[in-house]
1. Could you please find all residues in the range 39-78 being assigned to a helix (DSSP H, G or I) and open to solvent by less than 40 Å² (accessible area, probe 1.4 Å)?
2. Would a scan of the range 125-132 turn up a residue that is open to solvent by less than 80 Å² (accessible area, probe 1.4 Å), part of a strand (DSSP E or B), within 22 Å of ASN48 (Cα to Cα) and of a type in the set (Ser, Thr, Tyr)?
3. Of all residues in the range 87-118, which are open to solvent by 80 Å² or more (accessible area, probe 1.4 Å) and among the acidic types (Asp, Glu)?
4. Taking the residues in the range 26-38 that are hydrophobic (A, V, I, L, M, F, W, C) and assigned to a helix (DSSP H, G or I) as candidates, determine which candidate is nearest to SER80 (Cα to Cα).
5. Looking at the structure I just gave you, is LEU34 under 29 Å from ILE147 (Cβ atoms), surrounded by 11 or more Cβ atoms within 10 Å (Cβ to Cβ) and without any contact (Cβ under 8 Å) to a residue 12 or more places away in the chain?
6. Filtering the range 133-148 down to residues that are within 18 Å of the chain's Cα centre (by Cα) and not in a strand (DSSP E or B), which residue is surrounded by the fewest Cβ atoms within 10 Å (Cβ to Cβ)?
7. Pairs, please: C-beta under 6 Å, at least 6 apart or cross-chain, first residue more than 15 Å from ASN51 (Cβ to Cβ) and of a type outside the set (Lys, Arg) and in the range 62-81, second open to solvent by 40 Å² or more (accessible area, probe 1.4 Å) and part of a strand (DSSP E or B)?
8. Just one of (1) polar (S, T, N, Q); (2) in contact (Cβ under 8 Å) with a residue 12 or more places away in the chain; (3) out of contact with any helix residue (DSSP H, G or I) (no Cβ under 6 Å at 6 or more places or on another chain) trips up ASN48, so point out which.
Amino acid sequence: MATSEPIVVLTGLSNDALLSLRLQIDAEMITRGLTLNVGQLGEILALNHFNTTPGLPKLIDAPRGAKNVDALSRDGDRYSIKTALKAKKTGTVYPDNKSPDKQLLEYMLIVLLTPDYRLQKIFRLSWDAFMRARAWDKRMNAWYVPISATKLALAEKIL
């Protein structure tokens with residue numbers, strides 16, 4: 001996401017002008033298919049990293065509506081991609097209603113972003129590592145992974 005274009009100085013803009021600029025930028029980003037949605041941005045960055053890094057599997061977007069799965073490898077491995085900007089835990093993985101410990105994915109990617117939305121780190125948890133790292137979110141009725149040194153130590157550091 002690095003750019004060589006000049007940075008726009010915003011400090012001289014009125015609040016109204018700044019809000020108007022934000023709306024224009026949001027509309028243009030939608031037109032171009034760009035996003036500042038943290039989860040979607042993390043997925044884009046993770047797929048790009050995997051697809052341009054020798055030795056890593058090539059990933060494609062999972063079909064829309066696929067439960068808990070965001071990407072697929074050419075070998076059929078299912079990846080859930082969870083992105084964190086300031087969060088202390090990942091997004092949720094919903095268990096199977098009939099079999100709570102049913103394997104839902106082969107890997108979870110935890111994508112950490114810098115405060116300026118750049119790719120900082122990627123961790124890959126196998127299903128077994130996810131099972132050891134997971135915690136239960138009572139409110140969401142689903143699993144998540146705390147973003148802590150202890151839990152990330154269970155993962156393979158990709159970046």
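1. GLY39, LEU41, GLY42, LEU45, ALA46, LEU47, HIS49, PHE50
2. yes
3. ASP101, ASP116
4. VAL38
5. When the stated conditions are applied, LEU34 passes them.
6. The residue in question is SER148.
7. Listed pairs, sorted by first residue: VAL69/ARG78.
8. Exception for ASN48: condition (2).
The values are calculated or read from the model by the stated rules, or taken from the named source; none is laboratory data. Being a predicted model, the structure only gives us computed values, none of them experimental. Methodologically, a virtual Cβ is constructed for each residue, glycine included, from the backbone with ideal geometry; neighbour enumeration extends over all protein chains shown. Only protein heavy atoms, including side chains, enter the accessible area calculation; ligands, DNA and RNA are left aside. Shrake-Rupley method; radii C 1.70, N 1.55, O 1.52, S 1.80 Å.
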